[in-house]
There are 4 protein chains.
Amino acid sequence: MTKHFWKTSISKVEPNKILVRGYDLTQLVGRYSYADLTYLLWRGELPSQSHSQMMDALLTSCLEHSLNSPSVDATIFVASSGVPLQSSVSAGVAAMGEWHGGAIEEAAKVLQEGAAVKDKSLQEIANGILTTWKDSGKRLPGYGHPTHTDDPRTKRLLEVADEAKVAGRHVNLALEISALTDELYGKHLILNVDGCIAAIISDMGFDWRLGKGFFIVSRTPGLIAHAYEQMYFEKPYKSPRWSEIEYTGRTERKVPEP
Amino acid sequence: MTKHFWKTSISKVEPNKILVRGYDLTQLVGRYSYADLTYLLWRGELPSQSHSQMMDALLTSCLEHSLNSPSVDATIFVASSGVPLQSSVSAGVAAMGEWHGGAIEEAAKVLQEGAAVKDKSLQEIANGILTTWKDSGKRLPGYGHPTHTDDPRTKRLLEVADEAKVAGRHVNLALEISALTDELYGKHLILNVDGCIAAIISDMGFDWRLGKGFFIVSRTPGLIAHAYEQMYFEKPYKSPRWSEIEYTGRTERKVPEP
Amino acid sequence: MTKHFWKTSISKVEPNKILVRGYDLTQLVGRYSYADLTYLLWRGELPSQSHSQMMDALLTSCLEHSLNSPSVDATIFVASSGVPLQSSVSAGVAAMGEWHGGAIEEAAKVLQEGAAVKDKSLQEIANGILTTWKDSGKRLPGYGHPTHTDDPRTKRLLEVADEAKVAGRHVNLALEISALTDELYGKHLILNVDGCIAAIISDMGFDWRLGKGFFIVSRTPGLIAHAYEQMYFEKPYKSPRWSEIEYTGRTERKVPEP
Amino acid sequence: MTKHFWKTSISKVEPNKILVRGYDLTQLVGRYSYADLTYLLWRGELPSQSHSQMMDALLTSCLEHSLNSPSVDATIFVASSGVPLQSSVSAGVAAMGEWHGGAIEEAAKVLQEGAAVKDKSLQEIANGILTTWKDSGKRLPGYGHPTHTDDPRTKRLLEVADEAKVAGRHVNLALEISALTDELYGKHLILNVDGCIAAIISDMGFDWRLGKGFFIVSRTPGLIAHAYEQMYFEKPYKSPRWSEIEYTGRTERKVPEP
């Protein structure tokens, strides 16, 4: 077998003992919160009290958004098909792409690269980021929302970030960008919950490549709740009726001889 | 490493050579059809001409059923989320459960167990199966359809099965069961495409536990077509608007002090 | 459109407002823990202090089990293939089947049905359960472990359950069953973490059909940690070398003329 | 409901009738092959005889590659966990990322952009492509293989493409690029099966964004065969033993007081 084929730095299992990042799991359980141990898994260290408080707020901020969410929609269609619970949750997680939770990752990358610039004011940096994105023709990740004109989760997370004293340069940059959108985009783009999480985890020192992890963990209990509701309290085989589907393709034609 | 951890009887890879069930893949490609080689993979042998013809018909019979299908619905919601093609196809495959393609497996099991009974007439066997299922309170797998009153795919598959001379005892039993539903269920339950595939593959000698494989392979090109359509010709982030969602839960209440 | 096609009792979204089970999400975030809000989503009510404490212990107990876990293994193979983070996590969740986390659901069902029996002693009930399972030839869900001879997570969860005063009739029944295995199975079968979670959530009043949810939520941060490690710190395209795979199939044979 | 929420051009379902791209499905089944109807789904038209022949070869070329394939590995770990067949196939499909089948898409894009250049020789175009990729530091998609020094599938597909008279400018460009690798990369990079499929489907006029579809469809019957083998002929709960896993993380340390 290839040397080191099975290798990990995350945990170690022996008969009757499980070490997570060097700590005995049984001594963590019942003493540290789920949010703390998620932090330990992802960072390798237990959080400070302020990071602990922030983690819980971050991981609960995207808990639920009703059926107004492709991951939940995917989950309920799969859940209606006669599958075990985890199958529909799996499909929901698969939907957490670039336009659905994925903005955390991208926005955190942009903010971390921006905040690393030393010789410019935050306003200049924000201006540069906005100009670059506008020129690229791509959607600015972490700003604007199809339903909320003022994302209530952003406001709340910023309050907790202030209380917990974790907000810093990245949060300021994120807000500066939003403030400049009126002028550069001709309309106000709010900092949405994805962008806000991106800014806060950047101030906490997280690698931006873990950004999507926050959304996945935060939304998973909601996916489970929706799968459970669909499986046991709704009709099976969910799909639109044939008469509700608009067909925009070719009209009927004769099948040619092969 | 545990002995035999990586072990398979299906194929063998060496540098510049791939054996599938003992045959050199390069000598199969361009000479045998996709349906033939699927048969080879699942049975271990190449099909006779009649089985080859039947395989193609079986694997094309469930190709498409528009959005009136939970697997396609799951696929397009995931495809709208900014993910690579395979992610949305993966979610669609996850939806092929007990009530969506899964009936092939169950129906084939029932038919194979029934057809194995030696000392009763087909009508007696069919009667026994229907009585057992009715008493169980479970839906009879492979019969009835929410959209079709006479599943057009069943009729066509039975024609091909006659032409290819593969129809036998299992197909007869499947039809006998349908004929008896009027009397035993008080309404006519048609043999649907799942039940028909189940009967034909049973006559072809397939293990019923491979039944779902036919549906998965048959529907996958359709999932890809829908994912492609959604990704490149429809708006991203598909989900119902908040105002289109009926909320049936608790009215607003005050959050208690923790 | 079919009436009530989009319907849910879990949450309500309006512009700038998200209600979860009747509570404004922004008033929950930063005040209640992730474990509390998972409880709210699944039960419809916020937990008591003792249930809150227990939830955190339950949701952290299955956090990690190294690569000695099919869900983690599936995750790292997918993560090695050049996919976004959520794709590999999705595959890991798909692996949480009957033999991997699924025992929680099954064991909770057995325990809840057993504990509901009124006119027998716990020992008699345990005896009946064990006898039934033994006769069925199926593996007893929630007992025994391939690695641990005394599952360290069980011991710790039982301590917390005692502290939090949630342990009751279901936990007692679960332990009684384990005690009787020596006699009835001829070997001691420990109560493993799945069985222990099953017993505790039953004492907390959870529907057994939500059992797998505990495992999914508990293991997800671990899947993310492993995906991240594989994606950024290991080589891509993980798979055994051809020479490490044992081929047990047909020897090479000549491809027949089609 | 949003207008046109459920909309597709691919197929139309009515009671007892299914139109696929304008053709009645029942008149296609039994007369056209699976490969033909996949072509119809993806292109909107039935293939010519030469494209039909080529489709079958393309869709069988990646049928199997033993366990030396992350998608198959993911499939068997999931299949070992006590899940229905489609769950493990779904996980395998999720693994068909940028480094595993995904090269078809990327290589087809590169070849189509290259072949569209009018005022340069193929050699000049190939040179430009290779130089650009080398400078980018990214792996050249469609070239080189970890196991095969001369991919046997490439040779066979090129033979069929010649027979079927579909090989043209894109295939020539693909081969030209391989020929130049010795000089520009300092080692010979063979045209692998992904690159070869990319070139041929480009000569057939396929959108490069459908490239991954060929790999997904081609490998799916193999995933099913492996899932079936694992589920019914191997031990459940596949994973390396604890003692076979190398732990590279923190040594044990004392859990701090929370």
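The values are calculated or read from the model by the stated rules, or taken from the named source; none is laboratory data. Keep in mind that what you see is a predicted model, and the values were worked out from it rather than measured. We place every Cβ from the backbone using ideal geometry, glycine too, and count neighbours over all the protein chains shown. The accessibility values were calculated without ligands, DNA or RNA, using every heavy atom of the protein model including side chains. Shrake-Rupley method; radii C 1.70, N 1.55, O 1.52, S 1.80 Å.
For segment A:100-120, the set of residues classified as in a helix (DSSP H, G or I) and open to solvent by 10 Å² or more (accessible area, probe 1.4 Å) consists of A:E105, A:E106, A:K109, A:V110, A:Q112, A:E113, listed by residue number. The residues of segment B:139-164 that are open to solvent by less than 20 Å² (accessible area, probe 1.4 Å) and either in contact (Cβ under 8 Å) with a residue 60 or more places away in the chain or over 19 Å from the mean Cα position of the chain (by Cα) (or both), listed by number, are B:T147, B:R153, B:L157, B:V160, B:A161, B:A164. For B:A179, the conditions (1) in contact (Cβ under 8 Å) with a residue 12 or more places away in the chain; (2) within 14 Å of chain C (Cβ to nearest Cβ); (3) not β-branched (V, I, T) all hold with the exception of (2).
Of the candidates A:L63, A:L46, the single residue that is at pLDDT 95 or above and open to solvent by less than 20 Å² (accessible area, probe 1.4 Å) is A:L63.
Yes/no matrix, rows are residues, columns are (1) within 14 Å of chain B (Cβ to nearest Cβ); (2) in contact (Cβ under 8 Å) with a residue 60 or more places away in the chain; (3) of a type outside the set (V, I, T):
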position: C:L191; (1), (2), (3): no, no, yes
position: C:V217; (1), (2), (3): no, yes, no
position: C:G222; (1), (2), (3): no, yes, yes
position: C:S239; (1), (2), (3): yes, yes, yes
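Against the list (1) open to solvent by 10 Å² or more (accessible area, probe 1.4 Å); (2) more than 25 Å from the chain's Cα centre (by Cα), the condition D:L25 fails is (1). Could you say which residue among D:G128, D:G82, D:G114, D:G97 is of a type in the set (G, A, S) and under 13 Å from C:V78 (Cα atoms)? One residue alone meets the criteria, D:G97.
Of all residues in segment C:28-43, those that are over 28 Å from A:P236 (Cα atoms) and open to solvent by 10 Å² or more (accessible area, probe 1.4 Å) total 5.
Scanning segment B:41-60 for residues that are within 10 Å of chain C (Cβ to nearest Cβ) and of a type in the set (A, V, I, L, M) returns a single hit, B:L46.
For every residue, the table says whether it meets (1) facing another protein chain (nearest Cβ under 7 Å); (2) touching a helix residue (DSSP H, G or I) at 6+ places or on another chain (Cβ under 7 Å).
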| residue | (1), (2) |
| --- | --- |
| B:F5 | no, no |
| B:E14 | yes, yes |
| B:R31 | yes, no |
| B:S69 | yes, no |
| B:A79 | no, yes |
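Residue-by-condition table, conditions (1) touching a residue at least 12 places away in the same chain (Cβ under 8 Å); (2) of a type in the set (V, I, T); (3) outside any helix (DSSP H, G or I); (4) out of contact with any Gly (no Cβ under 9 Å at 6 or more places or on another chain):
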| position | (1), (2), (3), (4) |
| --- | --- |
| A:S50 | yes, no, no, yes |
| A:A57 | yes, no, no, no |
| A:N68 | yes, no, yes, yes |
| A:Q86 | no, no, no, no |
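Taking the criterion of being in contact (Cβ under 8 Å) with a residue 12 or more places away in the chain and touching a Phe, Trp or Tyr at 6+ places or on another chain (Cβ under 7 Å), would at least one residue in segment D:243-258 satisfy it? No. The set of residues in segment B:84-99 being open to solvent by less than 10 Å² (accessible area, probe 1.4 Å) and either at the interface with another protein chain (Cβ under 7 Å from one of its Cβ atoms) or within 11 Å of D:G92 (Cα to Cα) (or both) consists of B:L85, B:Q86, B:S87, B:V89, B:S90, B:A91, B:V93, B:A94, B:A95, B:M96, B:G97.
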